[in-house]
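The values are calculated or read from the model by the stated rules, or taken from the named source; none is laboratory data. Please read all numbers here as calculations on a predicted model, not as lab measurements. All Cβ positions, even for glycine, are placed from backbone atoms using ideal geometry, and neighbour counts span all protein chains on display.
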């Protein structure tokens, strides 16, 4: 195969000849077999669990007495990141491996030049098999996924290498576009959306509770459906609620650990998230396990399994359209404007309190991140044109 082009275009003698790559998809050398009495390191066990389809399956079998420990390690590996994150990492790694295989390039060991060529292909929309060029945010996510996968295999990738860092900087300068943020559901929008739900059905009561709890808590859609009725009730739960006199205390297991969210009672029972949750629990007869579940049997029965987080996004989109939110836009544009994140952005934009309280509610580590969620809140509040005398 022809040598890989030096992406920096620098003529350095020590780098004038790029490393050659075999025509096989992946090249790997098997480590020497350890002595019979040498137990495998726990890191090797985790690496074996994380093997991707493009890696050779030639690792020695695990000793029988370590199977239980390996199973526990798998649980910890899964707990280290969310299911959505793991799916994204796996999909991006598969995408990278497929591209490298078509180009007759090796994936292992990590080569910054190969990764630089890959992100170039993603930006150009060629060779990767994608229908159109990837957005800058997609390329950055793919690069993060590749870096994580390399690190899990004990072979870290240097993202600061000029073949990656310089190319990525150029991609950002050339293709970056303003962020496309979802529309915030403001308080008046939410009230109109609630009116589109049937209070006489279990599904309507459940959806009211989900919208109000998600809005007042500034919760992500995965956090809404991941809640249990009480502590330590399910294996897949990501938190639980505790109903108190003054409101609901929500315990959440997020990206950076556990945090608590206080959701106070509203000024009216019709819009109070606490009343909505209590009504749902009582009439749906939910006393244990997942808080929000599927409603079956023509809306007369409640299933045992947890709702998928996509249901939150569909609920927000459906009720926003039914309530006529942003009626100044076409129906197609409106459908693209709303998602589960609209509730989270809505609280940040609607709550007229000190910014630090909003930051705490959303679980942000910086005020700058919180400001990104505050759609339209401070627009034209201060008019510097008039203040300057014009």
Problem set entry | Pick from region 250-275, criterion in contact (Cβ under 8 Å) with a residue 40 or more places away in the chain and in contact with a helix residue (DSSP H, G or I) (Cβ under 6 Å, 6 or more places away or on another chain), ranking: farthest from residue 188 (Cα to Cα) | 252
Problem set entry | Tally, over region 147-162, of residues that are more than 22 Å from residue 91 (Cβ to Cβ) and in a helix (DSSP H, G or I) | 1
For this session: Take residue 202 and decide whether it is touching a helix residue (DSSP H, G or I) at 6+ places or on another chain (Cβ under 9 Å) and closer than 30 Å to residue 276 by Cα.
Result: yes
Exercise. What residue, of 231, 221, is on the phi < 0 side of the Ramachandran plot and under 23 Å from the mean Cα position of the chain (by Cα)?
Worked result: 221
Exercise. Restricting attention to region 202-222, and to residues there that are in contact with a strand residue (DSSP E or B) (Cβ under 8 Å, 6 or more places away or on another chain) and more than 18 Å from residue 304 (Cα to Cα), which single residue is modelled with the highest pLDDT?
Worked result: 213
Exercise. Looking at residue 281, is it over 19 Å from the mean Cα position of the chain (by Cα), buried (at least 17 other Cβ atoms within 10 Å of the Cβ) and at pLDDT below 90?
Worked result: no
Seminar exercise, completed: With criteria (1) at pLDDT below 90; (2) surrounded by fewer than 17 Cβ atoms within 10 Å (Cβ to Cβ); (3) within 22 Å of residue 222 (Cβ to Cβ), residue 289 comes up short on (1)
Exercise. What do you reckon, is residue 165 crowded, with 20+ Cβ neighbours inside 10 Å and part of a helix (DSSP H, G or I)?
Worked result: no
For this session: Can you tell me which residue among 225, 229 is assigned by TED's automatic domain parsing to the domain that holds residue 304 and surrounded by 23 or more Cβ atoms within 10 Å (Cβ to Cβ)?
Result: 225
For this session: Considering only residues that are in a loop (DSSP other than H, G, I, E, B) and either surrounded by 13 or more Cβ atoms within 10 Å (Cβ to Cβ) or at positive phi (or both), look in region 174-194 and name the one that is modelled with the highest pLDDT.
Result: 186
